Amino acid sequence: MTLKQIGSFFGTPGVGIYRDIKGRLPYYVSDWRDGLNYRVIPSTVYMYFTNLLPAIAFAQDMFDKTHNSYGVNEVLMASAMGGIIFGLFAGQPLCIVGVTGPIAIFNYTVYDIIKDRDTPYFPFMAWICLWSMVMHWLMAIFNFSNGLKWVTRYSCDAFGLFISIVYLQKGIQICTRQFSEIGDASGYLSVIVGMCIMIFGCTTVLIGHHSTFFKGWIRGIFADYGLPLCVVFFSGFVHFGTTLGNTTVQKLPTTKSFQPTDEIRNGPGGHGWFIHFWDINVGDVFLAIPFAILLTLLFYFDHNVSSLICQGSEFPLKKPASFHWDLFLLGITTGVAGMLGIPAPNGLIPQAPLHTTSLVVRKEVYIDGEGVTYPVNDETREMAKDAPSSYTLITINESVVEQRVSNFAQGLMILGTMSGPLLVVLGLVPQGVLSGLFWCMGLTGVFHNGIIAKVVFICTDAKYISNENPLSRVRPRNLYLYTILELCAFAAEFGITQCIAAVGFPGVLLLFVLVSYYIPRFIPEPDMSILDQPTAEGVVMENLRTNRKKSSDDEKHPEEVSTRDIEEEVEDDELYKRV
């Protein structure tokens, strides 16, 4: 197959990166200028807590299962590097990058596989990351991100539900560990703290986003600062009074500031943060390749899906996406992570979409029975007062504060957490707080998941289902079949991570992307268009279209489409010749 033939499927090599940079570079200055907005402050604080604390919990897992190889400082360094580099250089800075559950599972599964081979763990992981870096670059150059055109709500909902259930599971594991390692009193206190954070945290979300209580600005405070304040309050709750203060609970594990956790790396003659990746057998260098392939597939799906979801069609975004360049940049951070001996960061779910949600600017409008909206003013208030059954007051997403400051700032804050004084404060946070945060984030993801929405619809009494619900127009057989296929995808993803075969998790992800491609053969239109839709659309998907799909406007003006496509092909050919 010639380079030209490959280009006919994926597009001209390098053109995706070229278009991403060309499309996004004009917005770089405005990305910083637009950061001078109030919404950035609560977003930064919110992302700091929701990125920091779950990452520390995964650090505890890796610490226990890799014989103290990874610890808090490694995870903090990885999360800080992801936030700072992607805040500065990413084409889409809305995507929060850090340490995820899947990469934690990957790291300690690799450790279990090689620990009996006398293969040095850190040099081996470094080679996995270096090989993966090269693979990321090749995939970015050859426009593999164009395959995201086939990643629909089917794959994203299954993966999102998997992450949410893992968060709920992780919260339970943290609490149960208190019973076995310290005692019943510690276990019950941790459960109480976790439940309080879950209840009060979810309540602040409900009041802030889904209620009519209080004035709008008060609801805004609940939405912006409710969960972070819950974390701060209940971190101090265990120190209240004699009884609570005398009850021993596990705190977050910490170490010396800005130093690796591993004693060999940190001891006399140790190499510190820089891994001597050349201290390894040649055979092990090539043994790292299949692991690197799996890591690359994991990041290709995990990061791109995180980016897709945080740019979902429910968000009124104006600035273009950047899948190809961001994949190339992810390769750089993966290689650097390997040489530093830290977990490789990538896109986070649910943090990435939560980041975009925290930056949404909302406004109230009146909507009539035909779906026409009207601004709220004295005239429309009188109109709604005279005909209350004809007009409904709703809140809509007006815009998103698209900028780099919040991602960059939360990365700097996490880096600052590695300092001595802040590590001392971090060491005072009980692990029960992590449980509550995991449960709150997990439940939020479950309640907003498309699979759960279909299950709830199926289980609801028919007389209470609104005719306006799109699912009511789907044939029951097709709805049941599609929901079962989604649940199978979730079950396969969750099941493989619970055993030694967890290293094959990326293969399962891509398998169900292929499954979604064949589902329309069994579920015809118009049901399929209701059940499954593109995760993102419009300007977000523009650079992924090697062959543009015709829209209604295209059908009205075919001569304009023809001219535009020819111009794009000429531009690609000229770039191809220059390369």
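The values are calculated or read from the model by the stated rules, or taken from the named source; none is laboratory data. In this text the structure is predicted, and so the values were computed from the model without any measurement. No Cβ is skipped: glycine too gets one built from the backbone with ideal geometry, and neighbour counts run over all protein chains shown.
Set side by side, the residues D572, D553, D532 differ, and just one is modelled with pLDDT under 75 and either surrounded by 14 or more Cβ atoms within 10 Å (Cβ to Cβ) or under 18 Å from D302 (Cβ atoms) (or both), which is D572. Cβ-Cβ contacts under 7 Å between residues 6 or more apart (or on different chains), taken from a first residue in segment 343-359 that is buried (at least 24 other Cβ atoms within 10 Å of the Cβ) to a second residue that is of a type in the set (D, E) and in a helix (DSSP H, G or I), are listed as P343/E74; N346/D302; G347/D302. Among the candidates V238, V231, V205, the residue that is in contact with a Pro (Cβ under 8 Å, 6 or more places away or on another chain) and not basic (K, R) is uniquely V238.
Of the candidates V72, V45, the single residue that is within 20 Å of the chain's Cα centre (by Cα) and in contact (Cβ under 8 Å) with a residue 60 or more places away in the chain is V45. Residue pairs whose Cβ atoms lie under 7 Å apart, sitting 6 or more positions apart in sequence or on different chains, and linking a residue in segment 8-24 that is in a loop (DSSP other than H, G, I, E, B) to a partner that is of a type in the set (G, A, S) and at pLDDT below 90, are P13/G7. The residue list S132, S145 contains one member that is in contact with a Gly (Cβ under 8 Å, 6 or more places away or on another chain), farther than 30 Å from T357 by Cβ, among the hydroxyl-bearing types (S, T, Y) and buried (at least 24 other Cβ atoms within 10 Å of the Cβ), which is S132.
Residues of segment 368-403 that are touching a helix residue (DSSP H, G or I) at 6+ places or on another chain (Cβ under 8 Å) and among the hydrophobic types (A, V, I, L, M, F, W, C): L393, V400, V401. Of the residues A453, A409, A462, A501, the single one that is among the aliphatic types (A, V, I, L, M), modelled with pLDDT of 90 or more and surrounded by fewer than 17 Cβ atoms within 10 Å (Cβ to Cβ) is A453. For the residues L94, L130, L138, L88, the requirement of being outside any strand (DSSP E or B), over 17 Å from the mean Cα position of the chain (by Cα), within 20 Å of C310 (Cβ to Cβ) and not basic (K, R) singles out L88. Looking at this structure, is G82 part of a helix (DSSP H, G or I) and either free of Cβ contacts under 8 Å to residues at least 60 places away in the same chain or small (G, A, S) (or both)? Yes, satisfied. If the condition is being under 15 Å from E314 (Cα atoms), among the aliphatic types (A, V, I, L, M) and not in a loop (DSSP other than H, G, I, E, B), then segment 394-415 contributes I396, V400.
The criterion of at least 2 residues that are modelled with pLDDT of 90 or more and of a type outside the set (G, A, S) is met, among helices (runs of 4 or more DSSP H) falling completely within segment 150-244, by 153-181, 184-210.
For segment 295-322, the candidate set comprises residues that are assigned to a helix (DSSP H, G or I) and of a type in the set (S, T, N, Q); within that set, the residue that is modelled with the highest pLDDT is T296.
Checking R477, R473, R404 one by one, the residue that is among the charged types (D, E, K, R), modelled with pLDDT of 90 or more and surrounded by fewer than 16 Cβ atoms within 10 Å (Cβ to Cβ) is R477 and no other.
When the residues of segment 97-124 are filtered to those that are small (G, A, S) and at pLDDT below 90, the one that is nearest to the chain's Cα centre (by Cα) is G101.
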